1. Mind listing whichever residues of segment 39-69 are charged (D, E, K, R) and assigned to a helix (DSSP H, G or I)?
2. For segment 16-47, give me each residue that is touching a Phe, Trp or Tyr at 6+ places or on another chain (Cβ under 9 Å), loosely packed, with under 15 Cβ neighbours inside 10 Å and among the hydroxyl-bearing types (S, T, Y).
3. N177 - would you say it is surrounded by fewer than 21 Cβ atoms within 10 Å (Cβ to Cβ), within 24 Å of E469 (Cα to Cα) and of a type in the set (S, T, N, Q)?
4. Determine which member of the set Q300, Q281 is in contact with a Ser or Thr (Cβ under 8 Å, 6 or more places away or on another chain) and within 30 Å of K155 (Cβ to Cβ).
5. Which of the helices (runs of 4 or more DSSP H) found entirely inside segment 131-225 contain at least 3 residues meeting this: within 21 Å of L327 (Cβ to Cβ) and either in contact with a strand residue (DSSP E or B) (Cβ under 9 Å, 6 or more places away or on another chain) or modelled with pLDDT under 90 (or both)?
6. Check whether at least one residue in segment 24-38 is closer than 30 Å to T391 by Cα and not in a helix (DSSP H, G or I), and report yes or no.
7. In segment 140-170, which residues are of a type in the set (S, T, Y) and surrounded by 17 or more Cβ atoms within 10 Å (Cβ to Cβ)?
8. Out of A230, A221, I need the residue that is within 22 Å of the chain's Cα centre (by Cα) and buried (at least 19 other Cβ atoms within 10 Å of the Cβ). Which one?
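The values are calculated or read from the model by the stated rules, or taken from the named source; none is laboratory data. Everything numeric here is computed off the predicted structure, so don't read it as measured data. Here the Cβ positions follow ideal geometry from the backbone for every residue, glycine too, while neighbour counts run over all protein chains shown.
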Amino acid sequence: MALITAPLIVYCGIALAVTTFVTVVCYAIYTHREHKRYSHVPSPKRQSFFLGHIPTLKKYDDSGRTLMDLFRDWHAECGPILIIFLMHRPIVFSAHPDVAKEVMVTGNHTKPPKAYRSFQFLFGSRYMGYGLISEIDHSQWTRKRNALNPAFNRKFLMEFMSQFNESCDVLLDFMSNKTDQTTQFKMLDLFERLTMDIIAKVAFDIDLGAVCDANQPLSKAISSTFNAVAHLIRNPHDQINPFAASFRKQVRAACELLRNTGNKCVEERIQAINSGSTPRQDILTYIIKSTNEDDDIQVQIEEMVDQFVTIFIAGMETTANQLSFALIEICKHPEVLARIRKEVDCILQSKNHVTFEDLNSLQYLGQVLKETLRLYPPVFAATRILSNDVTYLGYHLPAGTEVTVNTFQMCRMEEYYENALQFDPDRFAPDRERPMFTYFPFSLGPRVCIGQHLSQMEAKVVMAKLLYEFDFKLVPGQSFELLERATLKPKDGVMVTIRPRDRVAAC
């Protein structure tokens, strides 16, 4: 038996070695072919033939510096178009408005499946599935988008103004008990909890109470899953890493909680509709109407839950980040604060709420929020996969190439914005011209964010009421550095102390 087994083991070992060698050689040939195919496109130096630019990206990220700084240096070295390799996978990066226009507006290019896979499924668990953000099939996306458009119409959103005010009042009450100028607030956390309460109520008629409950389970689940997406971008091996088993289990449980919550809301609303009651005209009702009637009921439910999770997360994440960055800049610029308060005091001095009609009067505050998005776009880049061969700025790119256009870089370039790093809300004054196709915090073209009007209405109400009630002071010692995950956040969370305002008549 031993005489038979020993040669068999040897033969198997030889076969495995030969297979491994052939695989490595084939992979090397394929990688070399990809390098050669794009050799005409400027590229920063690779540290590894097989890993491409991954070691450089990881080293930079581990150092605490942002990848946006690295890409700034790369664009300065290579120009407005460059290419990097993630192992064998080439990705073209552009910081030029002509490319942004063609990729996102005039060209019929789609989102790349690889870039959105983690938004669809996390460690095998369905996450956003095929909601508006992660749906790749353009015909399916168009059907879903058209069905939901009425729920995000400005006139429809007018009905949400009272809820914006009421949820913000809960935050004001929560903070007003701690105006001793020693209690520190982490405003990013509070803004996340506030925007979660708002989107839960206006979209799905759910009362979460997250503002007053830092341990709200749904809040933790959203943080867990969103952080996992960013984690996988940097650590894709954790999909199978045995030492990450507990992490995967935690994320799967968070996905399950989110989807179970969505499933419960959807089923309760469907039951109410089937019983003959008039449904509440909110986003959830439109989600239920948006499904394909030809699908079976389980497929329809899954699609509805996909939209629930997508809108829930997108509705809180970007607005909370924008409010946090805006507060930093307002606290740093007393002259900006003074102009905002002149508007806000004039509107709120005789009432305790902001109406839909007031939003247009908050013009300068709107400029401040737009300038915040210029310097700190929560979604700082957008990626498309070319559906046909294209030539950009003299560089021919074949169909199937991933192209990422970077609004963060363009909005900080002197070529497009004078004193680009200076916070200047007057850039967005009505009589000022701005460069086209550089500023797109809510994307561009057909896939522009469906919730941008809701987000900016909400941001105006929240910031107006906070600045009317309190004086904010930034806690010394904060870095104000950027944290790059799936979105852009202030790294230290915006630590502040507050005191009640001494107001004077403004109008």
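1. Taking segment 39-69 as the starting set, the residues that turn out to be charged (D, E, K, R) are 45-46, 58-59, 61-62, 65, 69.
Result: K58, K59, D61, D62, D69.
2. Correct list: Y27 only.
3. Numbers: surrounded by fewer than 21 Cβ atoms within 10 Å (Cβ to Cβ): yes; within 24 Å of E469 (Cα to Cα): yes; of a type in the set (S, T, N, Q): yes.
Yes.
4. Numbers: Q281 fails: in contact with a Ser or Thr (Cβ under 8 Å, 6 or more places away or on another chain).
When all the criteria are applied, what remains is Q300.
5. On the way: elements: 138-148, 154-157, 161-176, 187-204.
Hits in segment 131-225: 161-176.
6. Within segment 24-38, the first condition is being closer than 30 Å to T391 by Cα, and the residues that meet it are 26-38.
Within this subset, residues satisfying the condition of being not in a helix (DSSP H, G or I) are 38.
Within segment 24-38, one or more residues are closer than 30 Å to T391 by Cα and not in a helix (DSSP H, G or I).
7. At the first step, the residues of segment 140-170 found to be of a type in the set (S, T, Y) are 142, 162, 167.
Answer for segment 140-170, where residues must be of a type in the set (S, T, Y) and surrounded by 17 or more Cβ atoms within 10 Å (Cβ to Cβ): just S167.
8. On the way: A230 fails: buried (at least 19 other Cβ atoms within 10 Å of the Cβ).
Every option except A221 fails the conditions.
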